[in-house]
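Here the structure comes first, spelled out in structure tokens, and everything after it is commentary.
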Amino acid sequence: MILSVATTFAQSSAYEVGTWKGFRSSAATFTFDDGCATQFTYAVPLFDKYKYTASFYPVISWGPNWSNFQSLVNKGHEVGSHSVNHGQTMPDSEISSSKNTIDQNISGQVCNTITYPNCNEPSESELAKYYIGGRICDGQVMGSTPSNYFRIGSVICGNTGSCNSASAFQNQMQSAINKKGWVVFLIHEVENGSEYSPTATSAIEGALSFASQNDSKVWVCTFRDAILYSKERNAAKITELTNTATEITMKITDDLANDPYK
């Protein structure tokens with residue numbers, strides 16, 4: 001992850017790490033659960049149109065089309081874990097096995113984020129062995145640093161949630177801008193279908209259009225990238241190496257593990 005760092009040429013330089021990439025005021029992440037076919041039919045073309053990336057979470061036992069999910073990763077999207085069987089609460093065994101199955105079938109990424117079926121967090125000590133963060137469903141726009149990376153809040157979208165129109169998406173993103181925070185959207189079905197809580201294509205496009213018009217303020221990114229940026233921003237240590245009238249060089253380090261699973 002590349003942090004955004006600013007400085008001024010001065011005798012005693014002050015350095016700032018951007019709250020979000022590109023010194024944007026906020027971050028917005030679109031997460032898609034269950035691997036619904038309409039996500040590929042309606043949502044993915046919109047993300048292609050606006051050149052944004054999202055995070056997708058299939059259920060292993062529901063027979064995901066791995067070729068389709070590989071194509072998402074090839075475009076820069078993320079594929080993460082959403083359990084093997086989508087039980088009421090994910091058992092410990094599925095925390096690792098769902099990840100392992102994705103890693104065996106998808107190349108070009110590491111599966112290291114997770115969304116919990118029914119928003120019920122499983123064993124946190126077990127989660128921490130395999131993932132860098134996980135998502136719950138508290139309906140809140142978060143600040144720039146989650147208090148617990150395994151309980152990252154999200155806003156439920158569609159006809160069972162509070163975010164079901166373009167204006168609702170835009171209001172949530174504006175709230176994130178105002179508080180320099182991070183909004184995570186939880187989406188299942190797109191358009192009408194037999195799956196859970198359909199969200200209109202027009203609502204998603206309204207959100208992406210708003211983000212495009214406010215690109216200097218909103219960083220649309222995957223769940224993984226927002227987590228990594230937040231952690232690295234908070235752990236970054238900047239050491240000035242040289243400071244002349246025309247050039248400053250610096251070194252940025254952190255004490256985070258380099259293990260991609262953590």
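The values are calculated or read from the model by the stated rules, or taken from the named source; none is laboratory data. Being a predicted model, the structure only gives us computed values, none of them experimental. No Cβ is skipped: glycine too gets one built from the backbone with ideal geometry, and neighbour counts run over all protein chains shown. Surface areas here come from the heavy atoms of the whole protein model, side chains and all, with no ligands, DNA or RNA. Shrake-Rupley method; radii C 1.70, N 1.55, O 1.52, S 1.80 Å.
Just to be sure, is ASP254 under 14 Å from ALA28 (Cα atoms), out of contact with any Ser or Thr (no Cβ under 6 Å at 6 or more places or on another chain) and surrounded by fewer than 19 Cβ atoms within 10 Å (Cβ to Cβ)? When the stated conditions are applied, ASP254 does not pass them. Of everything in region 67-102 that is open to solvent by less than 50 Å² (accessible area, probe 1.4 Å) and acidic (Asp, Glu), the residue that is farthest from the chain's Cα centre (by Cα) is GLU94. Look at region 142-162: where a residue is closer than 15 Å to ASN118 by Cβ and without any contact (Cβ under 8 Å) to a residue 40 or more places away in the chain and a partner is open to solvent by 40 Å² or more (accessible area, probe 1.4 Å) and not in a strand (DSSP E or B), sitting 6+ places away or on another chain with Cβ atoms under 7 Å, you get ARG151/GLU121.
Scan region 227-249 for residues that are within 31 Å of the chain's Cα centre (by Cα), open to solvent by 60 Å² or more (accessible area, probe 1.4 Å) and over 30 Å from PHE30 (Cβ atoms) and the total you get is 2. In the set (1) open to solvent by 50 Å² or more (accessible area, probe 1.4 Å); (2) at pLDDT 95 or above; (3) not hydroxyl-bearing (Ser, Thr, Tyr), the condition left unmet by MET1 is number (2). Note on region 107-120: residues that are hydrophobic (A, V, I, L, M, F, W, C), surrounded by 20 or more Cβ atoms within 10 Å (Cβ to Cβ) and either in a loop (DSSP other than H, G, I, E, B) or at pLDDT below 95 (or both) amount to 1. Evaluate the following for THR199: is it closer than 30 Å to PRO45 by Cβ, buried (at least 18 other Cβ atoms within 10 Å of the Cβ) and among the polar types (S, T, N, Q)? Criteria met by THR199. None of ILE187, ILE204 is surrounded by 13 or more Cβ atoms within 10 Å (Cβ to Cβ), within 19 Å of the chain's Cα centre (by Cα) and under 27 Å from ASP103 (Cα atoms) except ILE187.
Of the candidates GLY139, GLY181, the single residue that is farther than 20 Å from GLN39 by Cβ and open to solvent by 10 Å² or more (accessible area, probe 1.4 Å) is GLY139. Using the structure shown, decide if SER98 is more than 18 Å from PHE223 (Cα to Cα) and part of a helix (DSSP H, G or I). The answer is no for SER98.
Residues of region 57-66 that are surrounded by fewer than 18 Cβ atoms within 10 Å (Cβ to Cβ) and either part of a loop (DSSP other than H, G, I, E, B) or at pLDDT below 95 (or both): GLY63, ASN65.
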